[in-house]
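Scroll down for the structure; my scribbles are underneath it.
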Amino acid sequence: MTGTTSRRGILKAAAALPAAGGLPWRSARAQAANTVKIALLCDFSGTYRDVTGPTELACIRQAAAEFSNRGFNVDVLYGDNQNKPDVGSNLARQWIDREGVDVIVDGGASSVALAVNDVVRERNKVFLNTSSATSDLTGSKCSPNTVHWTYDTWMLAKSTGGATVRAGGDSWYFVTADYAFGHALERDTATFVRNAGGKVLGSVRTPFPGTTDFSSFILQAQASKAKVIGLANAGSDTVNCIKQASEFGLSKRGIKLASLLMFLPDVHAIGLQTAQGLICTETFYWDMNDRTRAFTQKMRPNVSVPLCMNHAGGYAAVLHYLKTVADMGVAQARASGVEAVNRMKAMPCDDDCFGAGQIRQDGRKLHPSYLFEVKKPEESRGEWDYYKLLQTTASDEAFRPLADGGCSFVKT
């Protein structure tokens, strides 16, 4: 699936036509030269649809709409990567080569994002990664054309994994999605577990995409006698694992589930009765402060699932890019993706979703991370009121230190 929208509505476009019915006064060529094209590439039909997809598209459209009077045009395209690297990279290449797209947003599954990362660098465009998790994007696979917004596997491992070990979960077994994201999340979490004195008793790899029945994998993890089963997956895979683990009564046997990447729409799908007590890490929660509540109120008429950090990341990353375009000018911003990203790094970030922040030399966007516990049903005050805050990790501590990433173009 592919599509396109514009921040200029149909009525506004019609109003711009001459009353006598001639051609618009501005030529198509001039219009194109003053237009930046942004394409959302993510999952619109599969495992990650609810945590990216239509809701993230609505948030990106909102960012574009906020620049409707800044002297340039913004076109938003979108497409389904089907969680396949070849599909995602081919779509990105076609968008850039045939449609003149300047920015690819999201990327989706980490395997797709790594492939798109190469395409964007080859063509010197901009890649705003907002939901792909692998920390390799600011490490061994870093690119001067890429900004990694929202979260990554190192941050999740430190926050959720570290908290679980401190609470006594010192023996682990991983149920891991068998692709780049799952491998990176297992790797980074296992490192934190071992460094804290814990043990990793083993892991099992689950097909991705390709299964909704995780019963045999959960039973294999249970048989390991580990205190903690680490779910190195996301989206509907995490939802299915938690539901099936509940059916087996794992929590009653004293086995802790560590949901290493869980989003508010997942909690919504699972229900508080089953999800209560689980801990997870996000970098955005709608009820954190007045600014996040105001943003959520603005988006509520346009979304059908609870907002999570991926949705917020799409809005915030595009908003900061458009601020950069306004600062540089359209022609200069479009001429070089590297220069546009360099200007993004030089400008301080500030938005209603993440507050003040900055983009580091390796492309890592820095902001706090929050460790949450899912509320009990009787603790919830109403719709979407699912989290209680346990811990905040400051932006300068939440992500892997710059010197430890191994990014090839970082000057130390």
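The values are calculated or read from the model by the stated rules, or taken from the named source; none is laboratory data. Keep in mind that what you see is a predicted model, and the values were worked out from it rather than measured. Neighbour counts are summed over all protein chains in view; Cβ atoms, including those assigned to glycine, are modelled from backbone coordinates with ideal geometry. Just so you know, the surface numbers come from the protein's heavy atoms only, side chains and all, with ligands and any DNA or RNA stripped out. Shrake-Rupley method; radii C 1.70, N 1.55, O 1.52, S 1.80 Å.
Quick notes on this structure:
- Only strands (runs of 3 or more DSSP E) whose full extent lies in the range 28-115 are considered here, and the ones with at least 3 residues that are touching a Lys or Arg at 6+ places or on another chain (Cβ under 8 Å) are 73-80.
- The range 45-75, residues that are within 19 Å of R334 (Cα to Cα) and small (G, A, S): A63, A64, S68, G71
- Across the range 67-98, the number of residues qualifying as over 30 Å from T212 (Cβ atoms), open to solvent by 20 Å² or more (accessible area, probe 1.4 Å) and at pLDDT below 95 comes to 4.
- Selected residue (only one of G277, G254, G197 is touching a residue at least 12 places away in the same chain (Cβ under 8 Å), open to solvent by 10 Å² or more (accessible area, probe 1.4 Å) and under 21 Å from Y370 (Cα atoms)): G277
- Pairs, first surrounded by fewer than 24 Cβ atoms within 10 Å (Cβ to Cβ) and in a helix (DSSP H, G or I) in the range 163-180, second modelled with pLDDT under 95 and of a type in the set (D, E, K, R), C-beta under 7 Å, six or more apart: none
- Lone qualifier among L137, L185 - being within 16 Å of the chain's Cα centre (by Cα) and more than 18 Å from G313 (Cα to Cα): L185
- Segments classed as strands (runs of 3 or more DSSP E), wholly inside the range 195-262, with at least 1 members that are of a type in the set (D, E, K, R): 199-206, 256-259
- In the condition set (1) farther than 19 Å from N124 by Cβ; (2) touching a residue at least 12 places away in the same chain (Cβ under 8 Å); (3) of a type outside the set (D, E, K, R), P301 is compliant with all but (2).
- Checked against the criterion of being open to solvent by 10 Å² or more (accessible area, probe 1.4 Å) and within 17 Å of the chain's Cα centre (by Cα), the candidates W149, W154 yield just one match: W154.
- Check on V305, closer than 25 Å to D75 by Cα, of a type in the set (V, I, T), more than 17 Å from the chain's Cα centre (by Cα) and open to solvent by 10 Å² or more (accessible area, probe 1.4 Å): no
- Count of residues meeting criterion [closer than 29 Å to P209 by Cβ and among the small types (G, A, S)] in the range 164-179: 2
- Selection status of A398, over 27 Å from M299 (Cα atoms) and surrounded by 19 or more Cβ atoms within 10 Å (Cβ to Cβ): yes
- The residue list A190, A245 contains one member that is out of contact with any Gly (no Cβ under 6 Å at 6 or more places or on another chain), at pLDDT below 95, open to solvent by less than 40 Å² (accessible area, probe 1.4 Å) and on the phi < 0 side of the Ramachandran plot, which is A245.
- Test: residue in the range 304-311 that is touching a strand residue (DSSP E or B) at 6+ places or on another chain (Cβ under 7 Å) and either of a type in the set (S, T, Y) or not in a loop (DSSP other than H, G, I, E, B) (or both): yes
- The set of residues from the range 95-112 being touching a residue at least 60 places away in the same chain (Cβ under 8 Å), touching a Gly at 6+ places or on another chain (Cβ under 9 Å) and farther than 17 Å from M344 by Cα comprises G107, G108, A109, S110, S111, V112.
- Single residue of the range 344-375 satisfying the filter (among the charged types (D, E, K, R) and not in a strand (DSSP E or B)) that is farthest from the chain's Cα centre (by Cα): K375
- Here T130 meets the list (1) modelled with pLDDT of 95 or more; (2) of a type in the set (S, T, N, Q); (3) within 19 Å of the chain's Cα centre (by Cα); (4) closer than 23 Å to C241 by Cα almost entirely, failing just condition (4).
- Of all residues making up the range 320-340, the number that are open to solvent by less than 10 Å² (accessible area, probe 1.4 Å) and either free of Cβ contacts under 8 Å to residues at least 60 places away in the same chain or under 18 Å from the mean Cα position of the chain (by Cα) (or both): 3
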